[in-house]
Amino acid sequence: MTTDRTPDDRHPDHHDRRPEHRFHDERRPGDPRRITVDPESVRHSLAGLVLTIVELLRQLMERQALRRVDQGDLSDEQIEELGLTLMALEKNMDELREHFGLTQDDLNIDLGPLGPLLPRD
């Protein structure tokens, strides 16, 4: 009797060994697991994750600010200050993305069936 099993199903310790993976398993029989990680890759990935969270919060704050403006909850002075603050934050995000070599699309994590994390403008 045969079953349709993928290589990942054959053994619980099976690891994907495709070259595009950034981690390399240097394990030898009898050795504890050792993984070599490229520090630059980790730094880039961490920066991308942090900037993704900041961008999500920035967009949520922007939407909330627009709701408050539409509801008439803010004075003209508050609207002006809020607009300048949001523009400065967006400029800072642009500078940080450029510093880390990331694009807006890099920050938009694909959530599979749920779609992208950040709305497309």
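The values are calculated or read from the model by the stated rules, or taken from the named source; none is laboratory data. Since this is a predicted model, take the numbers as computed values, not measurements. Positions of Cβ are backbone-derived with ideal geometry, glycine not excepted, and every protein chain shown enters the neighbour counts.
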Looking at the stretch 85-121, which of the residues that are in contact (Cβ under 8 Å) with a residue 60 or more places away in the chain and either of a type in the set (Asp, Glu) or out of contact with any Asp or Glu (no Cβ under 7 Å at 6 or more places or on another chain) (or both) is farthest from residue 53 (Cα to Cα)? 119
For residue 106: the one exception among (1) modelled with pLDDT under 90; (2) surrounded by 12 or more Cβ atoms within 10 Å (Cβ to Cβ); (3) acidic (Asp, Glu); (4) farther than 25 Å from residue 42 by Cα: (4)
Identify all residues within the stretch 58-83 that are under 18 Å from residue 107 (Cα atoms) and exposed (fewer than 11 other Cβ atoms within 10 Å of the Cβ); write none if there are none. 60
If a residue has to be in a helix (DSSP H, G or I) and under 19 Å from residue 58 (Cβ atoms) to count, how many in the stretch 99-121 make the cut? 5
Flag if residue 36 is in contact with an Asp or Glu (Cβ under 9 Å, 6 or more places away or on another chain), loosely packed, with under 12 Cβ neighbours inside 10 Å and free of Cβ contacts under 8 Å to residues at least 24 places away in the same chain: yes
Take the stretch 53-84 and flag every residue that is within 21 Å of residue 118 (Cα to Cα), in contact with a helix residue (DSSP H, G or I) (Cβ under 6 Å, 6 or more places away or on another chain) and without any contact (Cβ under 8 Å) to a residue 60 or more places away in the chain. 58, 62, 65
